[in-house]
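Below you'll find the structure, written out as structure tokens, and then a few comments.
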Amino acid sequence: MANHTTPWPAIGEKALVRRLLIAVSLGFLTLFLFLPLVTVFAEALRNGAGAYIASFNDQAALAAIKLTLLVTAISLPLNLVFGLAAAWAIAKFEFRGKHLLITLIDLPFAVSPVISGLIYVLLYGMHGWLGPWLTEHDIQIIFAVPGIVLATIFVTFPFVAREVIPLMQEQGTEEEQAAMMLGAGGWQTFFRVTLPNVKWAVLYGVILCNARAMGEFGAVSVVSGHIRGKTNTMSLHVEILYNEYNFVAAFAVASLLALLALVTLALKSLIEWRSRTAQHSPFVPTSSEEESA
Amino acid sequence: MSIEVRNITKHFGDFRALDDVNLSVPTGKLVALLGPSGSGKTTLLRIIAGLEQADSGSGSILFHEEDVANTHVRHRRVGFVFQHYALFRHMTVFENVAFGLRVRPRKSRPNRRDIADTVHELLRLVQLDMLAGRYPSQLSGGQRQRVALARALAVEPKMLLLDEPFGALDAKVRKELRSWLRRLHDELNVTSVFVTHDQDEALEVANQIVVMNRGRVEQIGTPDEVFHHPQTEFVMHFLGDVNAFHGRVIQGNVQFGSLKVPLLENRQQIVGDARVFIRPHDVTIDTKTNGLPAIEARVVRVHSAGPLVRVELLTSANQRLISEISQERFVTMNLQPDSKVYIRPRHIRVFADS
């Protein structure tokens with residue numbers, strides 16, 4: 001007898017196999033993603049909404065939130081510019097060292113964030129290469145906001161570039177050539193032709209970049225110095241609170257980061273959906289590395 | 001505006017894409033660059049447009065007797081139509097056509113009203129006014145190509161360059177667009193150059209055909225000239241089917257198979273070994289000898305579906321050849337596979353064996 005439980009009896013799996021596969025993946029998701037997420041909010045609200053809100057009414061917590069926003073506000077535009085410039089160069093021109101550049105862009109993915117933080121300490125720290133010169137001119141980078149910004153930029157700079165490069169490469173340069181033949185200048189071509197063609201990829205990269213910039217822990221931890229109210233970002237602040245057994249406050253701040261992750265996911269899905277329905281923009285997001293608090 | 005190509009050479013690495021090419025396109029003419037892939041025709045077109053640079057010091061491109069070496073692409077006022085259309089995918093048909101007008105410097109930019117008028121006029125010209133609001137992905141290939149043409153025409157180019165404009169279209173649409181392009185050119189009279197590898201397209205559309213092979217110009221002439229008077233073996237081969245024979249020139253006559261045919265006046269310089277070409281429609285078939293000199297052959301296969309009947313033959317010297325005869329003639333002769341026939345060339349072309 002033919003098996004009628006699947007629409008394609010010839011190639012489909014047996015119902016049992018399908019159910020087993022689904023059960024296994026759901027089990028994993030529950031255990032490793034869903035439960036922790038619920039825990040974050042449950043712990044944060046353990047002592048009621050009052051205690052939850054009170055956790056944010058704290059100088060150090062507010063300072064951490066502000067710092068996180070500041071760091072993100074600086075690194076995001078820089079990444080956007082860098083990502084577009086690198087993607088443009090790689091996709092539209094032939095030059096020496098192109099492959100090296102592509103490899104370098106992936107470096108932050110390959111290196112542990114702690115190492116990248118350490119590199120900055122070795123470079124700009126008191127006893128680092130540039131340390132004496134910086135001290136002489138009274139510039140502090142490590143254990144201060146500039147160091148955190150630098151570390152964040154380093155960790156996040158592949159995001160935009162990695163999303164845009166494959167799309168630009170696939171689209172080629174013919175539309176730009178057409179624009180030029182029609183009398184458009186370089187900037188006109190960029191803003192009227194190139195950028196609109198990759199806008200979904202850019203937005204997607206920016207959102208991922210944003211999530212990572214806000215959630216980054218390792219690299220920032222090394223360069224920050226953990227000065228309460230001064231050089232603590234949100235994720236660092238969570239760690240301090242947790243180490244002080246201040247669980248409600250720790251999870252309250254963590255819940256903000258978790259919320260950010262959820263918003264990021266929602267935006268990401270929205271963009272994927274939009275770019276799929278926008279017939280003129282065949283952008284397929286590349287698989288991406290994400291880190292939530 | 002006339003185009004003059006002088007001694008242009010172009011290398012891609014070690015590959016010589018163009019080898020000392022000379023060409024002139026008179027004002028208002030429609031010229032086809034015809035050749036197989038890799039013959040350099042597209043490279044030549046792109047160099048004329050300014051999208052590609054000729055080798056340094058290799059020659060010059062002149063528009064209206066003026067060297068354009070230092071004129072940037074965007075100031076050359078050349079309309080370029082790409083093989084794969086290169087329409088702006090995020091713009092509607094209307095916006096695509098309006099692009100060239102909208103990017104003009106403020107001083108020379110027409111106002112919104114005038115732009116809209118121009119665009120609609122052009123879309124009417126290419127018969128797409130109904131589709132002004134569509135995106136390129138919602139159009140068929142033929143429609144896209146017509147949008148691309150309208151877009152190129154919007155900036156009132158001094159010349160139109162088309163890179164395999166119908167190459168990506170299916171046979172029927174191709175034929176329609178071909179004659180449409182011809183009519184459009186008659187109407188607009190803008191100097192045009194188009195690249196094609198399809199000899200029918202070139203023969204039907206162009207005023208003048210430039211046959212290219214391996215980066216060189218083989219022959220330049222009207223469709224009649226290149227078809228009926230090919231200067232080289234390559235042109236003979238490329239512009240239609242041929243039957244080739246080895247022959248020998250002796251005292252003003254060329255001998256091949258069992259035939260001896262006097263050479264034409266302009267072929268008198270050939271001596272010794274030669275190659276003889278006969279187009280299939282110049283091979284006549286008879287079932288009787290009639291006492292005239294002829295090559296004996298046997299019918300191998302008959303393809304009668306088509307305006308002409310293609311008959312595959314095998315001569316007594318074991319050479320294959322093709323003949324094309326009319327349907328009526330085919331019926332009167334009652335040809336069958338294995339029928340014995342006598343063939344005679346109506347017209348031959350002889351080239352020195354190289």
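Select from A:LEU262, A:ALA60, A:GLY215 the residue farthest towards the positive end of the dipole of chain A; place +1 on Cβ of Lys and Arg, -1 on Cβ of Asp and Glu, and compute about the Cα centre.
Checked the options; the winner is A:LEU262.
Quick check for you: which residues of the range B:10-29 have the amide N under 12 Å from the point 7 Å beyond the Cα of A:GLU94 toward its beta carbon?
B:11-15, by backbone N distance to the label point.
Expressed as an acute angle from 0 to 90° and rounded to the nearest 10, what is the orientation of the C-alpha long axis of helix B:112-125 relative to the principal long axis of chain B?
Roughly 20 degrees, rounded to the nearest 10.
In the structure shown, do any of B:LYS29/B:LYS172; B:LYS172/B:LYS288; A:LYS14/A:LYS199 have a Cα-Cα gap over 31 Å, and if so which?
Those over the limit are B:LYS172/B:LYS288; A:LYS14/A:LYS199.
Go ahead and collect, in residue order, the members of the range B:27-44 whose backbone nitrogen is under 16 Å from a label point 7 Å along the Cα-Cβ direction of B:LEU188.
It comes to B:27-32, nothing else.
Using 0.36 nm per residue, how much length does the chain from B:ASN70 to B:ASN22 gain when fully extended, once their Cα-Cα distance is taken away?
So the extension gain works out to 15.3 nm.
Mind checking which of A:ARG19, A:ARG228, A:ARG46 has the largest fluctuation in a GNM of chain A, springs on alpha carbons under 10 Å?
Judging by the Gaussian network model, the answer is A:ARG19.
Give, in nm to one decimal, the length gained when the segment between A:LEU70 and A:ILE227 is fully stretched (0.36 nm per residue of separation minus the Cα-Cα distance).
Here the answer is 54.9 nm.
Give me the one-decimal nm value for the distance between modelled label points at B:ARG112 and A:LYS14, 7 Å along each residue's Cα-to-Cβ direction.
Taking the two extended label points, one gets 6.8 nm.
Take the solvent-accessible surface of the protein heavy atoms, probe 1.4 Å, and return the percent of it on the protein assembly as shown that carbon and sulfur atoms account for.
The C+S portion of the solvent-accessible surface of the protein assembly as shown is 57 percent.
Mind checking the dipole of chain B: about its Cα centre, +1 per Lys or Arg Cβ, -1 per Asp or Glu Cβ, Debye to the nearest 20?
860 debye
What is the calculated FRET efficiency for A:LEU130 to A:PHE109, with r their C-beta to C-beta distance and R₀ = 41 Å, to the nearest 0.05?
0.95
So what's the back-of-envelope 222 nm ellipticity for the protein assembly as shown, counting only DSSP H runs of four-plus at -39500 (n - 2.57) apiece and dividing by all residues, rounded to 500?
Only helices count here, giving -14500 deg cm²/dmol.
With springs only between Cα atoms under 10 Å apart, run a GNM on chain B and tell me which of B:PHE12, B:PHE227, B:PHE330 wobbles the most.
B:PHE12
Explain nothing, just the number: relative contact order of the range A:42-137, from Cα pairs under 8 Å at least 6 residues apart, as a whole percent.
Here the relative contact order equals 8 percent.
Compute the Kirkwood hydrodynamic radius of the range B:139-298, taking the inverse of the mean of 1/r over all pairs of distinct Cα atoms, and give it in Å to one decimal.
Over the range B:139-298, the inverse of the mean reciprocal pair distance is 18.9 Å.
Over chain A, what relative contact order in percent results from Cα pairs under 8 Å that are six or more residues apart?
27 percent
Which whole-number percent gives the relative contact order of chain B, counting Cα pairs below 8 Å spaced six or more residues apart?
16 percent
Chain A: longest stretch without exposed chymotrypsin sites (Phe, Trp or Tyr not before Pro) (DSSP loop, at most 16 other Cβ within 10 Å), sites themselves excluded?
The reported range is A:130-244.
State in Å² the accessible area per residue of chain A; use a 1.4 Å probe, count heavy atoms of protein chains only, and round to the nearest integer.
55 Å²
Which one of B:PHE94, B:PHE15, B:PHE238 has the biggest mean-square fluctuation once chain B is modelled by GNM with Cα springs under 10 Å?
Judging by the Gaussian network model, the answer is B:PHE15.
If you take the beta carbon distance between B:ASP353 and B:ARG214 as r and set R0 to 22 Å, what does 1/(1 + (r/R0)^6) give as a FRET efficiency, to the nearest 0.05?
The pair B:ASP353/B:ARG214 has a calculated efficiency of 0.70.
What does the buried accessible surface come to for A and B, summed over both chains, with the probe at 1.4 Å? Round to 100 Å².
The A and B chains share an interface burying roughly 2200 Å².
Where in chain B is the longest stretch that carries no trypsin sites (Lys or Arg not before Pro) classed as loop by DSSP and with at most 11 other Cβ atoms within 10 Å?
It works out to B:1-287.
Please work out the Cα convex hull volume for the protein assembly as shown and give it in Å³ per residue.
Value for the protein assembly as shown: 285 Å³ per residue.
Rolling a 1.4 Å sphere over the protein heavy atoms, what is the accessible area per residue of the range B:15-58, to the nearest Å²?
Spelled out: the 1.4 Å probe surface of the range B:15-58, per residue, equals 36 Å².
In the range A:150-181, what residues drop by 40 Å² or more of accessible area when the other protein chains are put back, versus the chain on its own? Use 1.4 Å, and skip ligands and nucleic acids.
Those residues are A:GLU174, A:GLU175, A:GLN177, A:ALA178, A:MET180, A:MET181.
Rg and Dmax in Å for the range A:87-171, alpha carbons only: what are they?
My reading of the Cα-based Rg and Dmax gives 16.2, 50 Å.
Once the Cα atoms of the range B:253-354 are picked out, what are the Rg and Dmax in Å?
14.4, 42
The values are calculated or read from the model by the stated rules, or taken from the named source; none is laboratory data. Just so it is clear, the structure is predicted and the values come from calculations on it, not from any experiment. Don't worry about glycine lacking a Cβ; one is built from the backbone with ideal geometry, like all the others, and counts go over all protein chains shown. To get the accessible areas, we keep the full protein, side chains included, count just its heavy atoms, and leave off ligands, DNA and RNA. Shrake-Rupley method; radii C 1.70, N 1.55, O 1.52, S 1.80 Å.
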